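S.K.: After the structure tokens below, expect a handful of questions from me.
The values are calculated or read from the model by the stated rules, or taken from the named source; none is laboratory data. This structure is a prediction, so every number in the text was calculated from the model and none was measured. Positions of Cβ are generated from backbone atoms using ideal geometry, with glycine treated the same way; all protein chains shown enter the neighbour counts. Note: accessible area is taken over every heavy atom of the protein model, side chains too, but ligands, DNA and RNA are not part of it. Shrake-Rupley method; radii C 1.70, N 1.55, O 1.52, S 1.80 Å.
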Amino acid sequence: MQVRHISPNIYKLSIWIGLPISLWAVKEEDGLTLVDTGIKQMGKGILKEIDRLKLGPLQRIVLTHGHPDHTGAIERLRADRNIPVYAHPLEIPYMEGEAPYPDKKKASVLVRPGLVQSLEKADGELSGIGSLKPFLTPGHTPGHLVFYHQEDDVLLGGDLFTSSRKGKLRRPIPLFTANMPLAVASGSIVKLLQPELLSLCHGTDIRQPHKQYDIYAEKWEKK
Ligand SMILES: [Zn+2]
Ligand SMILES: [Zn+2]
């Protein structure tokens with residue numbers, strides 16, 4: 001597993017299986033938050049790296065969305081301890097297999113029903129998770145979230161975009177994206193937040209992504 005220290009409080013853990021699959025470990029005062037978990041086979045390696053880097057204890061997991069390359073290792077990571085797992089409430093029925101994702105014919109159970117908790121508070125706002133502030137960015141999936149780390153000025157973008165090797169913004173993977181025009185529109189979050197660094201699950205990280213957004217949107221909006 002490749003580990004990159006992308007900002008003072010954030011590590012990006014990746015493997016390569018024809019494309020990169022990544023997740024993030026975020027240091028907090030009380031231990032560690034994982035953003036996504038990668039595929040099932042990554043569970044053991046993630047625990048090893050957390051140990052090696054002395055980042056623990058693992059306190060919580062937050063999910064950008066329910067696809068199996070983001071939720072696969074949840075059970076392994078929780079095998080020893082009942083750490084909480086959070087996601088957007090719009091996403092939970094799809095990951096629990098209650099309904100098929102809008103671009104799929106069949107529903108599949110990607111997480112054990114009842115395990116994942118909603119990030120929505122009684123007033124309808126989303127709760128922050130330690131240093132991370134979630135933003136709903138639908139399109140790739142209906143309840144896709146990105147997480148902004150203000151102190152480090154880093155946006156953890158999940159599958160909101162992919163990127164070229166040279167760090168050019170690209171669309172999320174079309175085969176797995178439910179609503180591409182909406183995903184492209186949701187990408188405008190980078191203009192709102194203007195993070196110094198955008199980190200992606202399936203691609204090279206991008207400095208100052210807001211400078212590229214207009215060209216990106218113009219290219220893909222109508223496709
Ligand atoms: Zn995805
Ligand atoms: Zn993905």
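S.K.: Counting DSSP beta bridges with both partners in the chain, what percentage is antiparallel, nearest 5?
M.R.: Taking every DSSP beta bridge within the chain, about 70 percent pair in antiparallel fashion.
S.K.: Right, here's the next one. Rounded if a/c is under 1.5, else prolate if a/b beats b/c, else oblate: with a ≥ b ≥ c from the C-alpha gyration tensor eigenvalues square-rooted, which is region 133-210?
M.R.: It comes out oblate by the Cα gyration axes.
S.K.: Another question, then. For the pair ARG165 and GLN41, how long in nm is the line joining their label points, each one 7 Å along Cα→Cβ?
M.R.: Placing both labels 7 Å beyond Cα along the Cβ direction yields 2.3 nm.
S.K.: Separate question: Work out the length of the dipole vector of the chain about its Cα centre, built from +1 on the beta-carbon of each Lys and Arg and -1 on the beta-carbon of each Asp and Glu, and round it to the nearest 20 debye.
M.R.: With Lys and Arg at +1 and Asp and Glu at -1, about 900 debye.
S.K.: Give the relative contact order (percent, whole number) for the chain; include only Cα pairs under 8 Å separated by 6+ residues.
M.R.: 14 percent
S.K.: Just reorder HIS5, HIS67 by solvent-accessible area, largest first, 1.4 Å probe, all chains present.
M.R.: Solvent-accessible surface, decreasing: HIS5, HIS67.
S.K.: Right, another one. Leaving out ligands, DNA and RNA, and with a 1.4 Å probe, what % of the accessible surface on the chain is carbon or sulfur?
M.R.: Carbon with sulfur: 51 percent of the solvent-accessible area.
S.K.: Which cross-chain or sequence-distant (5 or more) residues have an amide H under 5 Å from the amide H of THR64, H modelled 1.01 Å from N in plane?
M.R.: ASP36
S.K.: So, one more: With the cut-off at 31 Å, tell me which of the pairs LYS40/LYS211; LYS54/LYS133; LYS106/LYS211; LYS12/LYS104; LYS27/LYS104 have Cα atoms farther apart than that.
M.R.: Correct reply: LYS40/LYS211; LYS106/LYS211; LYS27/LYS104.
S.K.: Something else about it: Heavy-atom accessible area per residue, region 97-196, 1.4 Å probe: how many Å²?
M.R.: In whole numbers, region 97-196 has 50 Å² accessible per residue.
S.K.: With all distinct Cα pairs included, what does the Kirkwood hydrodynamic radius of the chain come out to in Å, to one decimal, could you say?
M.R.: Computed over the chain, the radius equals 17.3 Å.
S.K.: How much accessible area per residue does region 1-75 have, counting only protein heavy atoms and a probe of 1.4 Å, in square angstrom?
M.R.: Here the residues of region 1-75 average 42 Å² of exposed surface.
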